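See below for the structure under consideration.
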Amino acid sequence: MEDLTSYPLELTGPDIPMVRFLNVRKSYGELIVLDNLNLDISPNEMVTIIGPSGSGKTTVLRMLMTLETIGGGVIYVDGKPLTHMPKNGALVPADARYLRKARSSIGMCFQHFNLFPHMTALQNCMEGPVQVLGLSGREARERAEELLMMVGMIDKKDQHPSRLSGGQQQRVAIARALAMRPKVMLFDEVTSALDPEVIGEVTNVIRDLTTRHSLTMLMVTHQMGFARDISDRVCFFFGGKIEEQDSPDELFSNPKSKRTQQFLSAVKAAD
Amino acid sequence: MQWDWEFTAEILPKMLWATVNTLMAAGIGYVIAAVIGLLFALAQRTPFRSLTFIVREVVEFIRSTPLILQIFFVYYVGPEYGLWLSPWVAGMIAIGLHYAAYLSEVYRGGIESIPKGQWEACTAINLTMAQSYRRIILPQAIPPSIAGMGNYLVSIFKDTPMLSVIGVEELMQAANAVGGQNYRYLEPYTIVGVIFLIISLTAASAIRGFEGWIRRKLGME
């Protein structure tokens, strides 16, 4: 059992990051997926994670969404611990109730959309606001319609997911996540399952989101061009660690680590 | 032995009346089975290991022993422990529990067929466990289970004659009584067979229709 006494109960000071990974570790048996990750994400920042498969990219997002338990260290969101809760002046692993409250500021979009197939696009976007946030049907509908309008799916609002293309489903999934008014949005390879000709409709929606002022975003992607375009910062993951991080221009034009160089040239060769 | 139409006409009202009881027994038994079966299925998915273990063993026990024994047990052994039940109550408990064990497996299959991504989406929009089951998982798990559930509806209906052994006044019991009084068994048993055949076939096609309807309604076609 890790000694958690050295971890603060909450973050204080002038520049509290929206998300802080503090010595975060994760392993499956012998396999180390994340090796002492330290990463801060500022409010309204757009951070992209790139790297070879198996480098722990997706695990970072899944831990932040509390879909995976944490192996060691603490994750803080908006200054408060997410994976742990204060008890008698020290941090202890969060219970289900605390987790549920803590993750309410986080939203996530998945590679395979994971829309609810028995509900229409509109119902998908109303479900959380009605059931979890306690909005009235009318309020939830207005909010959902506004978001479906924003992602360009308003004219398909009464369709079930099976009637929508991958790109359309992903746009609905983005609207569904935003309907919960998260402070942090996570995008886990949201274009990887899409046909090339519809990738643009999804990346355009995400691009629009970067202009909104109250959203911190963390994205895992294989779209290097897109990552370069919209990110404030790019992290290159290798072997469960951040090998290199920098502004997109710097990282893509002038990578310092040898592994980053190899990865980028391999990706370029594949394009 | 010749078929006697006059006798048939004479006993038919009585037989039809008994059919109502048979349908009622099947219906009540099935509702009990559907509800308890769902509880059995959900209990096996809780994080409480000992509860999961106990429920799994109970289900396994019920599935591995004959229904008729269970009926006898509830009705005749119950009183030895102070549990005096009328034939109807004992019969409904026995048949309801018996089919609950089978239906729990149908539910379990349905629930396990739901992709993990659906659960993750529930977490991502922060639904509680109960909301996830009620709003997202069960509505998807049940339509594919309807065919299996329907088979057991027909089965439970066909098993109701076993309740005659403890004196529930259903179709079989009525046929036995009529036959015994008149020393003629051809007509009453034939009528029982025809009634079972008609109702089973009707139920099976109604279930197929219902399955299609619910799939369309949930946009799964």
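The table for this structure:
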| quantity | calculated |
| --- | --- |
| Axial C-alpha extent at least 30 Å, average Kyte-Doolittle at least -1.0 - helices from chain B (DSSP) | B:5-43, B:87-112, B:186-217 |
| Sequence of B:E57, B:E120 when ordered by accessible area, the most exposed leading, probe 1.4 angstrom | B:E57, B:E120 |
| Accessible carbon and sulfur surface of the stretch B:5-217 relative to its total accessible area, %, 1.4 Å | 69 percent |
| Spin-label pair A:H213/B:F61, simplified geometry with 7 Å Cα→Cβ offset, distance in nm | 6.7 nm |
| Long-range HN-HN contacts of A:E45 with modeled amide H, under 5 Å | A:M217 |
| Å² of accessible area per residue within the stretch A:1-70, as computed with a 1.4 Å probe and no ligands counted | 48 Å² |
| Per-residue average of Cβ from other chains inside 10 Å of A:105-112 | 3 |
| Residue-averaged 222 nm ellipticity for chain A, from DSSP H runs of 4+ at -39500 (n - 2.57), nearest 500 | -10000 deg cm²/dmol |
| Paired Rg and Dmax values of the protein assembly as shown, which use every Cα atom, in angstrom | 30.5, 102 |
| Mean Kyte hydropathy of -0.5 or more with a Cα span along the axis of at least 20 Å, helices from DSSP in chain A | A:196-209 |
| Per-residue mean of C-beta atoms belonging to partner chains within 10 Å, peptide A:177-184 | 1 |
| Accessible area (Å², per residue) of the stretch A:162-257, counting only protein heavy atoms and a probe of 1.4 Å | 39 Å² |
| Modelled FRET efficiency - R0 22 Å, B:L197 with B:K14, Cβ distances, 0.05 increments | 0.70 |
| Net charge dipole size for the stretch B:5-217 [Lys, Arg +1 and Asp, Glu -1 on Cβ; Debye, nearest 20] | 920 debye |
| Relative compactness, the stretch A:110-163, computed as alpha-carbon Rg over 2.2 N^0.38 Å | 1.08 |
| Positive-end residue of B:P87, B:W17, B:A34, charge dipole of the stretch B:5-217 with Cβ unit charges | B:A34 |
| For the pair B and A, total buried accessible area rounded to nearest 100 Å², probe 1.4 Å | 2000 Å² |
| Projected label distance in nm at B:A206 and A:A193, using a 7 Å step from Cα toward the beta-carbon | 3.9 nm |
| Protection-proxy order for peptides A:17-27, A:135-145, A:249-259, each taking the mean of Cβ atoms within 10 Å per residue, highest first | A:17-27, A:135-145, A:249-259 |
| Residue mean of other protein chain beta carbons inside 10 Å, A:114-127 | 4 |
| Largest to smallest accessible area among B:I32, B:I207, A:I49 [probe 1.4 Å] | B:I32, B:I207, A:I49 |
| Chain A - share of DSSP beta bridges that are antiparallel (%, nearest 5) | 60 percent |
| Heavy-atom accessible surface of chain A: percent carbon and sulfur, 1.4 Å | 47 percent |
| Peptides A:210-220, A:186-196 ordered by average Cβ neighbours within 10 Å, highest first | A:186-196, A:210-220 |
| Cα-based Rg and Dmax for chain A, where Dmax is the largest Cα-Cα distance (Å) | 18.9, 55 |
| Dipole-positive endmost among A:G51, A:N114, A:M149 within chain A (Cβ charges, Cα centre) | A:N114 |
| Label-zone membership for the stretch A:164-184, site A:E142, 7 angstrom Cα→C-beta point, backbone N under 17 Å | A:179-181 |
| Prolate/oblate/rounded call for the stretch B:5-217, Cα gyration tensor, a/c under 1.5 rounded | oblate |
| DSSP beta bridge pairing in the protein assembly as shown, given as percent antiparallel to the nearest 5 | 60 percent |
| Distant-in-sequence amide H partners of A:L135 (H built 1.01 Å from N, under 5 Å) | A:V130 |
| Probe 1.4 Å, protein heavy atoms only - accessible area per residue of the stretch B:93-174 in square angstrom | 33 Å² |
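The values are calculated or read from the model by the stated rules, or taken from the named source; none is laboratory data. This structure is a prediction, so every number in the text was calculated from the model and none was measured. For neighbour counting, all protein chains shown are included, and Cβ atoms are generated from backbone atoms with ideal geometry for every residue, glycine included. Accessible surface areas use protein heavy atoms only, side chains included; no ligands, DNA or RNA. Shrake-Rupley method; radii C 1.70, N 1.55, O 1.52, S 1.80 Å.
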